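To start, the structure itself, in structure tokens.
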Amino acid sequence: MIAPVFFSLRPKQWIKNLILFAALMFSEKGLLFEPGAWLYAFAGFLIFCGLSGSVYLLNDIADVEKDRLHPQKSKRPIAAGELSLTEGKAALIIILLVCLAAAYHISQLFFSMALAYFMLNLAYSFKLKNMVILDVMCIATGFVLRATAGVGALKALEPTIYISHWLVLSTMMLAMFLGLAKRRQEIATYQDEAVRHRRILAHYSLSFIDQMTSILAAMAIVTYSFYTVSPDTIAKFGSDKLVYTVPMVLYGILRYLYLIHIQDQGENPSEVIMRDRPLQINMVVWAVAVVIIIHFSKSGWFNF
């Protein structure tokens, strides 16, 4: 039973929870170099892996009949009969209670974000996933809650830590962009059969999604750019050099558009990131640049 439950938690999707570590990267308090901060951030990461896994388990339970019609989803433990519905429900309750109990002992903000994340996904699984545009907004909000939870995980060490509104908006736009790209690839791949796998796809078309992804890509770049040049950001980090990371964000988004439209990828954003080497290199370079600019330029280790 352990192996089917673990597989149902989608460990390959846990990469999405790495966004919790963004709070360490964008912390002006030097928490990046505090071992205790890493422990809290890692604990938050593990808790959200459990929470997001419980959401996937919930979806497998709710969509078992539809999944059996899907060429890939039919291989999931519940759809394939490797894990019974009763066992799946029991595992869901246990994992959820353990994760929420652990979240409660980290900070009030973290617990609030963890509970809100699960409740949002509960609403998504049973109602909102069938409401056009709102379905993608729910997915994007889940990423915002993760990012905010990363801040909440560090509250025990630094009560004054906060997240910029511009960074929240940038995260929201980028997540919606990725969510719509996933919808687009599902339509392009399955065409007339797409609605059988995901009912909401009947309300989308390739041209409609292409228009929305263009808008969201531009908004993600603009909001991140505004964040880097915001007076609050410059005062917080004591540096105006963060603006030099904007080209990396621009390349990353344009590269993803290339993978969608030219390489016909995008149905699974996590797998795209794990497979595409230029995208991986760009993300590493961006992360290193952010850390250097925020945490070393002010100390005089890095100046230009």
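The values are calculated or read from the model by the stated rules, or taken from the named source; none is laboratory data. Owing to the predicted nature of the structure, the values given are computational and were not obtained by experimental measurement. Because the Cβ atoms are built from the backbone with ideal geometry, glycine has one as well, and the counts that use them run over all protein chains shown.
Close contacts from region 12-23, counting a first residue that is in the same structural domain as G152 (by TED's automatic domain parsing) and closer than 17 Å to A37 by Cβ and a second that is part of a helix (DSSP H, G or I) and modelled with pLDDT under 90, with Cβ to Cβ under 9 Å and a gap of 6+ residues or different chains, come to A23/L31. Set side by side, the residues A156, A175 differ, and just one is small (G, A, S) and surrounded by fewer than 24 Cβ atoms within 10 Å (Cβ to Cβ), which is A156.
Just one residue in the set I94, I47 is within 23 Å of K16 (Cβ to Cβ), out of contact with any Leu (no Cβ under 8 Å at 6 or more places or on another chain), surrounded by 20 or more Cβ atoms within 10 Å (Cβ to Cβ) and at pLDDT 80 or above; that residue is I47. Of the listed requirements (1) under 23 Å from S125 (Cβ atoms); (2) assigned to a helix (DSSP H, G or I); (3) of a type outside the set (A, V, I, L, M, F, W, C), Y40 misses just one: (1). Against the list (1) more than 19 Å from the chain's Cα centre (by Cα); (2) assigned to a helix (DSSP H, G or I), the condition I106 fails is (2).
Checking the stated criteria, F126 turns out to be at pLDDT below 95 and in the same structural domain as L18 (by TED's automatic domain parsing).
Please verify whether A181 is modelled with pLDDT under 95 and farther than 28 Å from M113 by Cα, treating the condition exactly as stated. Here the answer is no, as A181 does not meet what is asked.
Condition check ((1) without any contact (Cβ under 8 Å) to a residue 60 or more places away in the chain; (2) at positive phi; (3) touching a Ser or Thr at 6+ places or on another chain (Cβ under 9 Å)) across all residues:
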| residue | (1), (2), (3) |
| --- | --- |
| K73 | no, no, no |
| P77 | no, no, yes |
| A80 | yes, no, yes |
| L85 | yes, no, no |
| A90 | yes, no, no |
| A101 | yes, no, no |
| I106 | no, no, no |
| L109 | yes, no, yes |
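Checked against (1) under 21 Å from I163 (Cβ atoms); (2) at pLDDT below 85, P71 meets all criteria but (1).
Among the residues of region 8-37, just one is touching an Asp or Glu at 6+ places or on another chain (Cβ under 9 Å), in a helix (DSSP H, G or I) and surrounded by fewer than 18 Cβ atoms within 10 Å (Cβ to Cβ), namely K12.
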